[in-house]
Amino acid sequence: MSTKNYYMACVDVDGRRCVVVGDGGMAAEKAEGLESCGALVDRVPANKYKRRVLKGAFVVVAATPDRKLNERVFRDAERRGMLCNVADVPELCNFILPAVHREGPIAIAVSTGGASPALAKRLRSRIAELVGPEHAELAEELRAMRPEVQARFQSYDERRDNFEEIVRERLSGRSGSSARAPAIRG
């Protein structure tokens, strides 16, 4: 199997119809993950799958132990140009799911390109130890500043440099209390 590089992105599924095919714990886990991001999830038991259940879906996840059914779901989704993930079968995916840790608006995702979900989960847990509520608080403060920064600085480079300086100061501890709101630079 050749190594594949995936383009990493965060997908907005809020209010979008997503279909999870499968009955067991893995299907439930995939459905819960989608629902936690606002997706409108239809769970389809493996024995009830018909290609028409995909109509209008944005994302399709197959989580069954039946290889032939998983191949069929993938083929049906591919023909419709849908995002499709077959759990634990990277070659039957046009996108893969990283191991994710969330802290407020921060999402830390680790992927091994489908090589080892166990390793991805282990690395995610280790990295997650570095991110706490103070980082989530800072992210929310920076989000609130975006409109003012976009109005004040015309170029992307100026906005980027401004935010990087604020983050550098806050995380280095030079700006005092972590409860203090960051100031726009420049």
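Structure summary
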item: Residue check for residue 121: without any contact (Cβ under 8 Å) to a residue 40 or more places away in the chain, in contact with a strand residue (DSSP E or B) (Cβ under 8 Å, 6 or more places away or on another chain) and of a type in the set (D, E, K, R); result: yes
item: Test result for residue 176, out of contact with any helix residue (DSSP H, G or I) (no Cβ under 9 Å at 6 or more places or on another chain), outside any helix (DSSP H, G or I) and either modelled with pLDDT of 95 or more or at positive phi (or both); result: yes
item: Cβ-Cβ under 6 Å pairs, at least 6 apart or on other chains, the stretch 15-39 side within 16 Å of residue 83 (Cα to Cα), far side open to solvent by 50 Å² or more (accessible area, probe 1.4 Å) and in a strand (DSSP E or B); result: 17/40; 19/42; 20/43; 31/43
item: Some residue of the stretch 84-103 being charged (D, E, K, R), more than 30 Å from residue 3 (Cα to Cα) and either at pLDDT below 90 or open to solvent by 30 Å² or more (accessible area, probe 1.4 Å) (or both); result: yes
item: Conditions (1) touching a residue at least 12 places away in the same chain (Cβ under 8 Å); (2) of a type in the set (Lys, Arg); (3) open to solvent by 90 Å² or more (accessible area, probe 1.4 Å); (4) not in a loop (DSSP other than H, G, I, E, B): number failed by residue 68; result: (1)
item: Residues of the stretch 134-156 classified as of a type outside the set (Asp, Glu) and open to solvent by 90 Å² or more (accessible area, probe 1.4 Å), total; result: 6
item: Meets criteria (hydrophobic (A, V, I, L, M, F, W, C), touching a helix residue (DSSP H, G or I) at 6+ places or on another chain (Cβ under 6 Å) and closer than 20 Å to residue 66 by Cα) for residue 93; result: no
item: Criterion violated by residue 107 - all others in (1) in a helix (DSSP H, G or I); (2) of a type outside the set (S, T, N, Q); (3) loosely packed, with under 14 Cβ neighbours inside 10 Å satisfied; result: (1)
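The values are calculated or read from the model by the stated rules, or taken from the named source; none is laboratory data. None of the values given here were measured: they were computed from a predicted structure. Ideal geometry is used to build each Cβ from the backbone, glycine not excepted, and the neighbour counts take in all protein chains shown. Heads up: the accessible areas ignore ligands, DNA and RNA and are worked out on the full protein's heavy atoms, side chains in. Shrake-Rupley method; radii C 1.70, N 1.55, O 1.52, S 1.80 Å.
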